Amino acid sequence: MQDWMNWGLLVLEFSALLFVFALGVGALLVVIMYVQDVRQKQHAIRRNFPVIGRLRYQLEHLGEFFRQYFFALDREELPFNRAQRTWVYRAAKNLDSTLAFGSTRVLNQQGDTLFLNAFIPKLETQAEQASCLQIGEGYAKQPYQTRSFFNISGMSFGALSVPAVRALSHGAAKAGIWMNTGEGGLSPYHLESGCDLVFQIGTAKYGVRDAKGELSEEKLERVALHEQVRMFEIKLSQGAKPGKGGILPGEKVTGLIASTRGIPEHEDSISPNGQPEITSVDDLLDMIVRVRNITGKPTGFKFVMGQHDWLIKLCKRIAERGPADAPDFITLDSGDGGTGAAPQSLMDCVGLPLRTSLPILVDQLERHRLRDRVRVFCSGKMINPSDVAWALCMGADSVVNGRGFMFALGCIQALQCNKNTCPTGITTHNPALQKGLDTGVKSERVANYSANMVKEVAMIAHSCGVSEPRQLNRHHVCVIDGHGDPIPMIEKHPYPTPMP
C-alpha cells in the first residue's frame, strides 16, 4: 500500500511540474505575441488590442463555416441557400423530400418564375421516358445518342481530388448520364467506371498539348480511341471568370495531375485566358471541323454570353459555309457559374446570367433555322428540379451541373475550393482529408441525386400537362413582373420570325 501511495505522490508531483511548465510556456507565448503585436504596423486591431485582437481573425475565419448553421435563414444565403442545399442532400441520400405547412419562398417577387399547371395534368400512367437526343447525327462519324437531360458539368482532375473524380465517374455510370472531364485532361479515374465522357479541350490544351502548348493531333486521336469518350467540347470561356483561364495552385499539382495535364509538377497551372488559335468566328468553326475530323465524334464549344453580336455572325457564317461546319452542340455557361478559384471582379460583375442568356441563344438559333442542327446544353446553378425544368422550357436540350453533384458528394459550401483545405475531401489533395470521402457511398449518392432530379422534373412536366420533360416549352412557364403579375415566357421571349 505504501508503494502505491509513493507512486501516486510521484504522479501528482510530476503532473504539477507539467502544469507549471505549461503555464510558463503559455505565459512566454503570450509575452512573445504581445511584443509582436505592439511592434507590428500592418494590423491596427492587433496593435491597439495585443493578443486579444488576434481572436478577431480567428472568428472571421470560423464564421465562414458556421454562419450557414446559426445565422443565415433558409433562403437568404449565397451562392446557394439552405433550402437549395437541403433538397440536394436529401435527394442524394434517397430521403423523403416533401415539406409541410406551405412554401417558404415568396411567390410574387419580380423576376421569379412559376410553372403553369394544366387544367388536366398528364397522369403518371401516361408518362413517357425522356425522348432520345441525337447529337452529331449525319455529321460526325460516331454520333452520340442519349436520353439523359441532366449530366455532370466540367470539373477538372486537379481541381477535384481522386476520390471525388472516382465517385462522380462511378455515379454517372450507375445513373446512365455523361460526365464532362473539365479542362484538366483525361485521368484513369474518369475511365475506370465505363461512364460516358465529354472531353473538354481547355485553353491550355491539357491532356492533348504538345511541347509548345499547342493542340497535338496525335494525342487527340489517342483520347478519341476511348469508346466511352463520346464528345469533345472546346472551352472558350467559363461563367465564373469570363476572359480568365483556369487557376490551379502549385500545391495541388501532384505528380499524377502534372503527368495527366502535361505540365511541370508543383508549379501553378495557369491557363491562357482564351484559345490562342481562335480570333474570329471562322477560326472557331475551323477548329470545330478540325477536332471533329480528327476524332470522328460530335464537337461543340462552351462559352458564357456577354456581348452577343458575334453570335449572329456565327449563325450567318454557318448558313454560308453549310451545316457540316456547324457545332454539334453549344454549352452555355451562366455568369453566376462556379469554379475553384476566380477573381472576385470577374465572378461578381462579368457575364450574363443564364436566365437572360439562354433565351437569347435559343432565339438566335431558331431565327437562323439552326435549332435542329445545333444542340443546346446549359449550366449555372441548376441544382434543383425547378431550375432544370425552367431550362428545358426555355429550349435547352440538356442541363449540365457541377456544384449540385458536389453537394451530392457531401460538399458543405465551406468555400475552401481555391485552397488545399476542403474539409470534405472533394477539392483537396491532402490524404488526411480525402479519407473521409468513401467512393462507394458517394457514387451511390451521385446516382440517387440524378435519379431523383429526373423524377421531380418529370413530375413538373406532368403537372404542366405533358408526358415527359423534353416536351416542356415556354407556354409552361411565366415570370413575375414589377407589379407582381405573371407574364407568360412565350410573350416575354417569343421566338423571332424565321429569316426568309
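The values are calculated or read from the model by the stated rules, or taken from the named source; none is laboratory data. Quantities reported herein were computed from a predicted structural model and do not represent experimental measurements. For neighbour counting, all protein chains shown are included, and Cβ atoms are generated from backbone atoms with ideal geometry for every residue, glycine included.
The table that follows gives values for the structure above.
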item: Tally, over segment 131-146, of residues that are assigned to a loop (DSSP other than H, G, I, E, B) and in contact (Cβ under 8 Å) with a residue 24 or more places away in the chain; result: 7
item: Test: residue in segment 299-313 that is buried (at least 16 other Cβ atoms within 10 Å of the Cβ) and more than 25 Å from the chain's Cα centre (by Cα); result: no
item: Qualifying residue in segment 15-24 (condition: in a helix (DSSP H, G or I), more than 30 Å from Ile412 (Cα to Cα), at pLDDT below 75 and not small (Gly, Ala, Ser)); result: no
item: Restricting segment 195-229 to residues that are at pLDDT below 95 and under 30 Å from Val441 (Cβ atoms), the residue that is surrounded by the fewest Cβ atoms within 10 Å (Cβ to Cβ); result: Gly207
item: Any helices (runs of 4 or more DSSP H) falling wholly within segment 28-130 and containing at least 1 residues that are modelled with pLDDT of 80 or more and under 20 Å from Glu456 (Cα atoms); result: 82-92
item: From the options Met406, Met382, residue that is in contact (Cβ under 8 Å) with a residue 12 or more places away in the chain, closer than 28 Å to Ser271 by Cα and in a helix (DSSP H, G or I); result: Met406
item: Odd one out for Ala396, checked against (1) modelled with pLDDT of 95 or more; (2) part of a loop (DSSP other than H, G, I, E, B); (3) farther than 20 Å from Gln238 by Cβ; result: (3)
item: Residue match in segment 429-441 (condition: crowded, with 24+ Cβ neighbours inside 10 Å and at pLDDT below 95); result: no
item: Where a residue in segment 114-129 is within 24 Å of Ser148 (Cβ to Cβ) and small (Gly, Ala, Ser) and its partner, wherever it lies, is modelled with pLDDT of 80 or more and part of a loop (DSSP other than H, G, I, E, B), with Cβ under 7 Å and at least six apart; result: Ala127/Ser467; Ala127/Glu468
item: Conditions (1) assigned to a helix (DSSP H, G or I); (2) modelled with pLDDT under 95; (3) not β-branched (Val, Ile, Thr); number of the one not met by Asp336; result: (1)
item: Close pairs from segment 456-474: first among the β-branched types (Val, Ile, Thr), partner crowded, with 22+ Cβ neighbours inside 10 Å, Cβ under 7 Å, at least 6 apart; result: Val457/Pro385; Val457/Val388; Val457/Ala389; Val457/Pro469; Ile460/Pro385; Ile460/Ala389; Val466/Leu472
item: Strands (runs of 3 or more DSSP E) wholly inside segment 167-257 that include at least 1 residues being without any contact (Cβ under 8 Å) to a residue 60 or more places away in the chain; result: 178-180, 196-201
item: Among (1) under 30 Å from Pro323 (Cα atoms); (2) among the aliphatic types (A, V, I, L, M); (3) in a helix (DSSP H, G or I), the one test that Val376 misses; result: (3)
item: Which listed residue is touching a helix residue (DSSP H, G or I) at 6+ places or on another chain (Cβ under 8 Å), closer than 19 Å to Leu220 by Cα and not in a helix (DSSP H, G or I), from Ile288, Ile330, Ile278, Ile294; result: Ile278
item: Qualifying residue in segment 352-360 (condition: in a loop (DSSP other than H, G, I, E, B) and either in contact with a helix residue (DSSP H, G or I) (Cβ under 7 Å, 6 or more places away or on another chain) or in the same structural domain as Gly243 (by TED's automatic domain parsing) (or both)); result: yes
item: Which numbered condition Ile487 fails, given (1) aliphatic (A, V, I, L, M); (2) free of Cβ contacts under 8 Å to residues at least 24 places away in the same chain; (3) crowded, with 19+ Cβ neighbours inside 10 Å; (4) touching a strand residue (DSSP E or B) at 6+ places or on another chain (Cβ under 6 Å); result: (3)
item: Residues within segment 245-264 that are more than 20 Å from the chain's Cα centre (by Cα) and farther than 14 Å from Leu160 by Cβ, tallied; result: 8
item: Residues within segment 409-436 that are over 17 Å from Gly182 (Cβ atoms), more than 16 Å from the chain's Cα centre (by Cα) and in a loop (DSSP other than H, G, I, E, B), tallied; result: 9
item: Options Ala389, Ala458, Ala451; residue that is surrounded by fewer than 20 Cβ atoms within 10 Å (Cβ to Cβ) and either in a helix (DSSP H, G or I) or modelled with pLDDT under 80 (or both); result: Ala451
item: Residues of segment 346-376 classified as closer than 16 Å to Ser131 by Cβ, free of Cβ contacts under 8 Å to residues at least 60 places away in the same chain and buried (at least 22 other Cβ atoms within 10 Å of the Cβ), total; result: 0
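Here's the yes/no breakdown for (1) at pLDDT below 95; (2) surrounded by fewer than 18 Cβ atoms within 10 Å (Cβ to Cβ); (3) basic (Lys, Arg):
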| residue | (1), (2), (3) |
| --- | --- |
| Met231 | no, no, no |
| Lys241 | yes, no, yes |
| Val253 | yes, no, no |
| Gly262 | yes, no, no |
| Asp283 | no, yes, no |
| Pro323 | no, yes, no |
